[in-house]
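Visitor: Pasting a structure here, questions to come.
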Amino acid sequence: MMLSNAPLAQALMALFILAAASPASAQQALTPERAAKGKAVYEKRCAGCHGLTGQGDGPAADRLRPRPRDFKTAFYKFGDTVFGKLPLDAAIFRAVAEGLPGSSMPGWKDVLREEEIWDVVAYIKEFSRKFARLKERGEKLEPLEIGTAPKLTETDVQEGKELFLKNCEKCHGKAGRGSGPSAVALKHDLGDRIWPRNLTKGWTYRNGNSIENIYRTAAGGITGTPMPSHLESLQPAQVWKIAGYVDTIVQRERPKTSEVIIGKPIEGAPPAGPDDARGAEAAATLIPLVGQIIEGERWFTPTLDSVQVRALYDSKMIYLLVEWDDPSASPLAEPNDKFPVNEPDAFAVQLPVTIPAGMEKPYFLGGGQNSPVILWKWTNGGAVETLSSTGILKAEPFAGPAASALSANATYVDGQWRALFTRPLAGGGDGDLTIETGKYIPIAFSAWDGNNGEKAEQRAISIWYWLLLEPPTPLTVYLWPAIIGLLIAGGELWLVRKTNQHAHKKE
Amino acid sequence: MKRIPKLALTVGLIAAVYGLFVAVFTYILHLPVPASVMKMYMFFVTVVVLLVMTSNEDSARELVAPLEALVYQPRLRRLRAAVFIVAPLAGFGLTYNVTRPTLDAPLELRTVHPAPPNSVKVFGKTYNLLTLENPYRAKEKSDLEAFRQAVEEGKTVYFQNCHYCHGDKLDGKGHFSGGFNNPLPANFTDVGTIAQLQESFLFWRIATGGPGLPNEGAPWASPMPVWSNYLTEDEIWKVILFLYDYTGYAPRVMKEEKGHS
């Protein structure tokens with residue numbers, strides 16, 4: 001059937017010969033037989049997202065962002081070629097084997113053998129006529145030249161920073177957190193909204209975060225997206241300098257999450273605001289946030305993926321410092337007409353009403369009918385409120401006599417919100433939490449990116465974590481060890497005396 | 001041949017048993033060595049070895065002789081001084097290690113597969129879980145085409161609703177599992193989940209979700225949604241078919257269950 005299509009068959013033959021002759025040993029011949037074998041793998045493993053006809057329209061597609069790749073238009077993002085060109089086979093293979101971190105596309109090398117991956121690569125290429133046409137024209141794909149990273153001096157990196165501010169800042173933002181002025185109005189060529197990468201979070205780079213990978217992306221651009229190739233406007237040496245600068249702001253490994261946020265006791269002046277250096281005295285805990293896909297109107301495509309939390313306290317107050325990256329501070333002063341949604345950004349801390357004595361806690365998602373929680377909610381440009389909640393769809397202004405005085409103070413700088421929640425340790429009364437030191441207190445978080453249209457239950461959430469205000473170390477901690485040490489020393493003396501007497505007697 | 005000194009033999013024996021335990025756990029059982037169990041074993045081992053070594057007066061004397069020597073032999077003065085300084089410090093250190101405040105999360109135990117109720121009320125009906133069966137299961141033999149069609153529809157349900165947590169490979173590693181990580185979404189490819197369960201159990205779990213768990217299952221912590229809010233009864237049976245079809249496992253059947261009990 002396939003062979004009756006003469007040009008395609010010829011093209012595939014040519015491809016076969018080319019590939020077979022190519023010295024790159026990993027390169028496999030993508031024959032029609034291969035593609036036919038790949039069909040079964042594809043339909044079982046890939047069609048749920050990429051669709052049976054390969055158009056990126058499987059049942060999951062509408063609830064994923066970025067959307068699964070449409071193999072028919074063949075706008076491959078990470079093809080190892082320059083912007084607008086088709087991808088190399090080896091690059092498609094790599095995407096399938098390793099996956100695209102930070103998206104829903106998993107790596108398949110744990111369930112598919114290398115042979116099977118090549119089969120499925122052959123199959124997905126057949127969804128597009130573009131590959132065959134290329135062969136018909138007898139053209140070959142030019143891989144993007146990377147070479148090796150040059151040695152960069154401090155001046156080079158400084159220069160790289162200036163070039164970054166000139167060429168990349170409008171999308172990726174001053175601090176690289178993806179908050180440039182254009183960031184709120186970017187579209188994929190197929191129409192979906194997309195955001196520039198937060199370059200500080202290396203673990204969300206799709207295509208590797210080594211300096212060579214950064215060079216390759218910056219030089220070649222990302223096909224199908226507004227991220228252009230920079231090889232027309234810049235020299236390779238300049239792009240290397242930019243890559244050298246990005247290399248200094250990227251954190252490669254995702255910080256480990258801890259289940260316990262440990263609050264530090266402080267003396268003297270409390271932190272005056274979210275940017276006060278005192279905040280840094282407490283250790284930071286990174287808490288992952290994911291879409292609320294459990295109740296009410298579900299939210300599958302959040303933009304916010306984590307929040308960093310620190311806690312401090314003194315004899316009267318608790319200071320909770322939260323920092324999260326958000327591509328824009330919304331509501332925007334000037335809403336953009338491409339995406340007119342413009343809700344306010346918001347953040348909420350969730351705590352139980354009383355500290356649970358046993359294992360049982362309120363339901364993690366906004367509490368339950370018989371186990372209410374309180375929320376400390378900050379809204380950009382709005383009030384700071386304490387809410388009572390008996391379910392995510394049932395949050396109301398505080399119901400008890402009076403909630404303890406809560407204040408929150410937030411700043412937005414270069415793609416990052418920092419908010420300082422301050423409240424007396426003592427609760428205001430019935431139904432309000434009194435925070436005690438040395439006790440494990442369940443704590444959870446919610447965040448809303450208004451510019452992404454998030455509101456009410458459509459938001460990013462966390463599960464329960466623990467807040468523990470570290471108590472001053474009690475003396476008994478040292479007392480027992482001291483007693484044991486002294487007992488041993490005493491025992492030794494007694495032994496010596498005993499043996500000496502014994503020896504004397506013997507003499 | 002010189003005899004091995006009693007003290008060295010005792011210490012050596014205890015160390016050898018310890019090494020054996022660790023080796024069995026790591027290389028044969030492939031399990032982390034459980035600290036509390038280990039402490040208990042080693043306590044008994046030490047007691048037994050000491051009992052054996054001091055079974056008569058001579059051997060008891062032989063055992064403590066080197067220790068006695070350490071205390072009074074003039075030529076061991078240096079060693080004695082060192083041991084006498086180190087021992088109390090070690091006592092202090094070891095005790096501090098126990099009394100020291102640890103800031104780790106409290107240990108929480110949850111039953112992964114609690115006993116299901118006898119019946120469950122959803123979709124305005126009461127289902128008897130002891131007799132409940134998947135209406136599509138029989139079609140696997142009687143009408144394969146209709147069966148495949150139902151599996152395919154179950155796949156659509158799964159990819160629209162479940163893969164964010166349970167993963168598109170059904171391995172529990174969906175792209176939201178990094179946030180919903182305590183308890184982790186079930187890994188259906190593992191032999192410990194659906195391969196061991198009846199379809200009626202799955203029906204109960206899917207229809208009532210985390211909040212439907214009894215207290216030992218920690219209903220307050222499970223993010224598993226209550227699917228009767230979003231899916232029909234029919235869709236739940238189909239997604240169950242898909243889970244078994246994709247992983248290649250067969251559901252546990254009632255008859256087998258009766259035979260066991």
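The values are calculated or read from the model by the stated rules, or taken from the named source; none is laboratory data. None of the values given here were measured: they were computed from a predicted structure. Positions of Cβ are generated from backbone atoms using ideal geometry, with glycine treated the same way; all protein chains shown enter the neighbour counts. The protein model used for the area step is the full one, side chains on, heavy atoms only, and it has no ligands, DNA or RNA in it. Shrake-Rupley method; radii C 1.70, N 1.55, O 1.52, S 1.80 Å.
Visitor: Give the span of the range A:106-218's Cα atoms along each principal axis, as three whole-Å numbers ordered largest to smallest.
Guide: 46, 37, 37
Visitor: Rounded, prolate or oblate, given the Cα gyration tensor of the range A:23-136, with a/c below 1.5 counting as rounded?
Guide: Taking the square roots of the gyration eigenvalues as a ≥ b ≥ c, the range A:23-136 is rounded.
Visitor: Now a separate question. Would you list, by chain and number, the lysines whose Cα falls below 21 Å from the Cα of B:Lys125, excluding same-chain residues fewer than 8 positions away?
Guide: Result set, ordered by chain and number: B:Lys238.
Visitor: Any chance you could list the semi-axes, whole Å, largest first, of the equivalent ellipsoid that the Cα gyration tensor gives for chain A, using √(5λ)?
Guide: Values: eigenvalues 543, 210, 122 Å².
Working from the Cα gyration tensor, I get semi-axes of 52, 32, 25 Å.
Visitor: For the range A:85-168, take the alpha-carbon Rg, divide it by the Kirkwood Rh, and send me Rg/Rh. Numbers along the way, then the final one.
Guide: Details: Rg = 18.3 Å, Rh = 16.2 Å.
Result for the range A:85-168 is an Rg/Rh of 1.13.
Visitor: Next question. Below 8 Å between Cα atoms, with a sequence gap of 6+, how large is the relative contact order for chain B in percent? Can you show the working numbers first?
Guide: Numbers: 240 pairs, mean separation 40.6, N = 261.
Relative contact order here is 16 percent.
Visitor: Here's a follow-up. Would you mind listing how long the range A:301-421 runs along its three principal axes, going by Cα atoms, in whole Å with the largest first?
Guide: Principal extents (Cα only, largest first): 50, 34, 28 Å.
Visitor: Let me ask something additional. Over the C-alpha atoms of the range B:145-215, what are the Rg and the largest Cα-to-Cα span, Dmax, in Å?
Guide: In Å, with Rg to one decimal and Dmax whole: 12.9, 42.
Visitor: Over both sides of the B-A contact, add up the buried accessible area with a 1.4 Å probe and give it to the nearest 100 Å². Working shown, then result.
Guide: Working: alone 17650 and 25690 Å², together 38580 Å².
Chain pair B/A: roughly 4800 Å² of buried accessible area.
Visitor: Let me ask something additional. Take A:Lys166 and A:Ser210, extend 7 Å from each Cα along the Cα→Cβ direction, and tell me the distance between the two endpoints in nm.
Guide: Each label point lies 7 Å from its Cα, and together they span 2.9 nm.
Visitor: A:Leu64: net charge of surrounding residues, Cβ under 15 Å, Lys/Arg +1, Asp/Glu -1, itself excluded? Can you show the working numbers first?
Guide: Working: positive: A:Arg63, A:Arg65, A:Arg67, A:Arg69, A:Lys77, A:Arg193, A:Arg206, A:Arg298; negative: A:Asp57, A:Asp62, A:Asp70, A:Asp192, A:Asp305, B:Asp168.
Neighbour charge sum, excluding A:Leu64 itself: +2.
Visitor: Any chance you could check the Cα centroid distance between the range A:253-297 and the range A:158-185 for me, in angstrom?
Guide: Each part's Cα centre sits 27 Å from the other's.
Visitor: What is the distance in Å between the Cα centres of the range B:192-239 and the range B:126-145?
Guide: Taking the Cα centre of the range B:126-145 as reference, the centre of the range B:192-239 is 17 Å away.
Visitor: Remind me, relative contact order of the range B:134-261 in percent, using alpha carbon pairs under 8 angstrom and six or more residues apart? Walk me through the intermediate numbers first.
Guide: Values: 161 pairs, mean separation 36.7, N = 128.
Once normalised by length, the contact order is 29 percent.
Visitor: What distance in nm lies between label points placed 7 Å from Cα along the C-beta direction at A:Val496 and A:Asp414?
Guide: About 6.4 nm separates the two model spin labels.
Visitor: List the residues whose amide H sits under 5 Å from the amide H of A:Leu469, counting only those 5 or more places along or on another chain, with H placed 1.01 Å from N in the peptide plane.
Guide: Result for A:Leu469 returns A:Gly263, A:Gly438, A:Lys439.
Visitor: Please report, in cubic angstrom per residue, the volume enclosed by the convex hull of the alpha-carbon atoms of the range B:119-247. Walk me through the numbers on the way to the answer.
Guide: Numbers: hull volume 14.2 nm³, N = 129.
Value for the range B:119-247: 110 Å³ per residue.
Visitor: Same structure again: Quick one: pull the percent of accessible area on the protein assembly as shown belonging to carbon and sulfur, 1.4 Å probe, ligands and nucleic acids left out. Working shown, then result.
Guide: Numbers: 22640 of 38580 Å².
Roughly 59 percent of what the probe reaches on the protein assembly as shown is carbon or sulfur.
Visitor: Can you give the convex hull volume per residue for the Cα atoms of the range A:260-469, as a whole number of Å³? Intermediate results must be reported in sequence, preceding the final value.
Guide: Numbers: hull volume 23.8 nm³, N = 210.
Each residue corresponds to 113 Å³ of Cα convex hull volume.
Visitor: Normalising by the residue count of the range B:193-258, find the relative contact order in percent from Cα pairs under 8 Å and 6+ residues apart.
Guide: That works out to 42 percent.
Visitor: So what J values fall out for the range B:6-19 if you push phi through Karplus, 6.51 cos²θ - 1.76 cosθ + 1.60 with θ = phi - 60°, rounded to Hz, Gly and Pro as x?
Guide: With coefficients 6.51, -1.76 and 1.60, one gets 3, 4, 4, 4, 4, 4, x, 4, 4, 5, 5, 4, 4, x Hz.
Visitor: Please find the FRET efficiency linking A:Glu98 to B:Leu51, where r is the Cβ-Cβ separation and R0 is fixed at 45 Å, and quote it to the nearest 0.05.
Guide: On the way: r = 59 Å, r/R0 = 1.31.
The value I calculate is 0.15.
Visitor: How big is the Cα convex hull of the range A:237-356 in projection, averaged over all directions, in nm²? Present the calculation step by step, with values, prior to reporting the outcome.
Guide: Details: hull surface 50.5 nm².
The Cα convex hull of the range A:237-356, projected and averaged over all directions, gives 12.6 nm².
Visitor: Another one. Could you pull out the trypsin sites (Lys or Arg not before Pro) across the range A:151-191 that fall in loop regions by DSSP (anything but H, G, I, E, B) with no more than 16 other Cβ atoms inside 10 Å? Write out the running numbers ahead of the final one.
Guide: Numbers: sites: A:Lys151, A:Lys161, A:Lys166, A:Lys170, A:Lys174, A:Arg177, A:Lys187; in loops: A:Lys151, A:Lys174, A:Arg177.
Counting only loop positions with at most 16 other Cβ atoms within 10 Å, the trypsin sites (Lys or Arg not before Pro) in the range A:151-191 are A:Lys151, A:Lys174.
Visitor: Turning to a different aspect of this structure: What net charge do the residues around A:Ala243 carry, taking every other residue with its C-beta under 11 Å from that of A:Ala243, with Lys and Arg at +1 and Asp and Glu at -1?
Guide: Values: positive: A:Arg216, A:Lys241; negative: A:Asp156, A:Glu212, A:Asp247.
Neighbour charge sum, excluding A:Ala243 itself: -1.
Visitor: First check a/c for the range A:403-507, with a ≥ b ≥ c the square roots of the eigenvalues of its C-alpha gyration tensor; if it is under 1.5, answer rounded, and if not, answer prolate when a/b is larger than b/c or oblate otherwise. Show your work: numbers first, answer last.
Guide: Numbers: a/c = 4.84, a/b = 3.52, b/c = 1.37.
Because a/c hits 1.5 or more and a/b exceeds b/c, the range A:403-507 counts as prolate.
Visitor: Moving to a separate point now. Per residue, how big is the convex hull around the C-alpha atoms of the range B:190-260? Give it to me in cubic angstrom, could you? Could the numbers behind the result be given before it?
Guide: Details: hull volume 7.8 nm³, N = 71.
Hull volume over Cα atoms, normalised by residue count, gives 110 Å³.
Visitor: Then there's this: Just the projected area, averaged over all directions, of the convex hull on the alpha carbon atoms of the range A:154-249: how many nm²? Let's see the in-between values first.
Guide: Numbers: hull surface 22.6 nm².
Average of the hull's projected areas for the range A:154-249 equals 5.6 nm².
Visitor: Also, I was wondering about something else. Non-local amide H neighbours of A:Lys187 (under 5 Å, H modeled in plane, Pro and chain starts lacking H): which ones?
Guide: A:Ile194
Visitor: Can you list the lysines whose alpha carbon is less than 27 Å from that of A:Lys361, not counting same-chain residues fewer than 8 positions off?
Guide: Within reach: A:Lys256, A:Lys264, A:Lys316, A:Lys377, A:Lys394, A:Lys439, A:Lys455, B:Lys121, B:Lys173.
Visitor: Additional query: With no solvent and one equal point scatterer per Cα, compute the Debye intensity ratio I(q)/I(0) for chain B at 0.13, 0.14, 0.16 Å⁻¹ and report its log10, rounded to two decimals.
Guide: -0.93, -1.04, -1.26
Visitor: Also, quick follow-up: Assuming R0 = 25 Å, can you tell me the calculated FRET efficiency for the pair A:Arg298 and A:Glu396, based on Cβ-Cβ distance, to the nearest 0.05? Please list the in-between numbers first.
Guide: On the way: r = 22 Å, r/R0 = 0.88.
Computed FRET efficiency for A:Arg298 and A:Glu396 comes out at 0.70.
Visitor: Once the Cα atoms of helix B:144-161 and of chain B are each reduced to a long axis, what angle between those two axes, in degrees from 0 to 90 to the nearest 10, is obtained?
Guide: Rounded to the nearest ten degrees, it is 60.
Visitor: Moving on. Express as a percent, rounded to the nearest 5, the fraction of DSSP beta bridges in the protein assembly as shown (both residues included) that run antiparallel. Spell out each step's value before the answer.
Guide: Details: 62 of 71 bridges.
Antiparallel: roughly 85 percent of the beta bridges in the protein assembly as shown.
Visitor: While we're looking at this one, here's another question. What order do A:Trp195, A:Trp448 take when sorted by accessible area (1.4 Å probe), most exposed first? Intermediate results must be reported in sequence, preceding the final value.
Guide: Working: A:Trp195 45, A:Trp448 10 Å².
The ranking, largest first, comes out as A:Trp195, A:Trp448.
Visitor: Could you give P(r) for the range B:6-99, binned at 10 Å from zero, as whole percent values over all Cα-Cα pairs?
Guide: Using 10 Å bins, I get a P(r) of 13, 28, 37, 18, 3 for the range B:6-99.
Visitor: Would you list B:Lys141, B:Lys39, A:Lys338, A:Lys264 from the most to the least accessible area, probe 1.4 Å? Could the numbers behind the result be given before it?
Guide: Values: B:Lys141 190, B:Lys39 155, A:Lys338 115, A:Lys264 75 Å².
Accessible-area ranking of B:Lys141, B:Lys39, A:Lys338, A:Lys264, largest first: B:Lys141, B:Lys39, A:Lys338, A:Lys264.
Visitor: What list of ³J(HN,Hα) couplings, whole Hz, do you get for the range A:466-476 from phi and the Karplus terms 6.51, -1.76, 1.60, once you set θ to phi - 60° and write x for glycine and proline?
Guide: Residue by residue, the range A:466-476 yields 10, 10, 10, 7, 4, x, x, 4, x, 4, 4 Hz.
Visitor: Karplus couplings for the range A:285-302 from phi (6.51 cos²θ - 1.76 cosθ + 1.60, θ = phi - 60°), rounded to Hz, Gly and Pro as x?
Guide: These are the phi-based 3J(HN,Hα) values: 10, 8, 10, x, 10, 9, x, 7, 10, 10, 9, x, 6, 6, 10, 8, 10, x Hz.
Visitor: Name the long-range amide H neighbours of B:Ser119: under 5 Å, sequence gap of 5 or more, or other chain; modelled H, no Pro or chain starts.
Guide: The list, which skips near neighbours in sequence, is B:Leu129.
Visitor: Can you pull the accessible area of A:Glu436 for me, 1.4 Å probe, Å² to the nearest 10?
Guide: Probe radius 1.4 Å; accessible area of A:Glu436 about 80 Å².
Visitor: Suppose accessible area is computed on protein heavy atoms with a 1.4 Å probe; arrange A:Asp305, B:Asp58 from highest to lowest. All intermediate terms of the calculation are to be shown ahead of the outcome.
Guide: Values: A:Asp305 50, B:Asp58 115 Å².
From most exposed to least exposed: B:Asp58, A:Asp305.
Visitor: Using the Kirkwood radius over C-alpha pairs as Rh, can you work out the diffusion coefficient of the range B:93-180 via Stokes-Einstein at 25 °C, viscosity 0.890 mPa s, in µm² per second?
Guide: After rounding, the answer is 136 µm²/s.
Visitor: Sticking with this structure for a sec: Could you calculate the FRET efficiency of B:Leu130 with B:Glu108 from 1/(1 + (r/R0)^6), where r is the beta carbon distance between them and R0 is 45 Å, rounded to 0.05? Walk me through the intermediate numbers first.
Guide: On the way: r = 31 Å, r/R0 = 0.68.
Once rounded, the FRET efficiency stands at 0.90.
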